[in-house]
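See below for the structure under consideration.
The values are calculated or read from the model by the stated rules, or taken from the named source; none is laboratory data. These figures come from a predicted structure and were not determined experimentally. A quick note on method: Cβ atoms are made from the backbone with ideal geometry, for glycine too, and the neighbour counts reach across all protein chains shown.
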Ligand code: SF4
Ligand code: SF4
């Protein structure tokens, strides 16, 4: 049986980093998909998820309570950095930033 996905109860990365991405991913741009009303401009070609450039950061799209039960309200349309930040990297090695955020020691292989 596979391990449950820790992201369902975690959400730490959605309330820690500034989640920034190329403006072309915004629904304002042709082919873009991230709802523009949930973004704010960082630089000329860079947007971020609203709330993640605040202190303390928390993405406006995050629902629930960090560390208990969370969900992303725009999961299907989340920007690239959210798609690429997972518990494990593509090569199967632990994403150390994820483990550090959670205060969890990665399993040894
Ligand atoms: S990627 Fe890591 S830090 Fe982010 S929600 Fe999942 S378990 Fe938590
Ligand atoms: S868009 Fe979703 S996955 Fe990305 S930071 Fe916000 S709540 Fe987290």
Qualifying residues in segment 1-59 (those that are closer than 19 Å to residue 102 by Cβ and either more than 17 Å from the chain's Cα centre (by Cα) or more than 16 Å from ligand 1 (Cβ to nearest atom) (or both)) - the one surrounded by the fewest Cβ atoms within 10 Å (Cβ to Cβ): 2
Note on residue 92: of the conditions (1) surrounded by fewer than 16 Cβ atoms within 10 Å (Cβ to Cβ); (2) at positive phi; (3) within 16 Å of ligand 2 (Cβ to nearest atom), unmet is (3)
If we scan segment 49-58, do we find a residue that is free of Cβ contacts under 8 Å to residues at least 40 places away in the same chain and away from ligand 2 (no atom under 13 Å from the Cβ)? yes
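If the requirement is being within 10 Å of ligand 2 (Cβ to nearest atom) and touching a helix residue (DSSP H, G or I) at 6+ places or on another chain (Cβ under 6 Å), which of these qualifies: 33, 21? Please lay out each step first, then the result.
On the way: 33 fails: within 10 Å of ligand 2 (Cβ to nearest atom).
None of the other options fit; the residue is 21.
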What number goes with the only condition from (1) within 13 Å of ligand 1 (Cβ to nearest atom); (2) farther than 23 Å from residue 25 by Cβ; (3) at pLDDT 95 or above that residue 78 does not pass? (2)
Can you tell me which residues in segment 61-94 are assigned to a loop (DSSP other than H, G, I, E, B), over 11 Å from the mean Cα position of the chain (by Cα) and either closer than 11 Å to residue 19 by Cβ or free of Cβ contacts under 8 Å to residues at least 24 places away in the same chain (or both)? 73, 89, 90, 91, 92, 93
Please go through segment 36-52 and give me each residue that is part of a loop (DSSP other than H, G, I, E, B) and under 19 Å from residue 84 (Cβ atoms), ordered by number. 45, 52
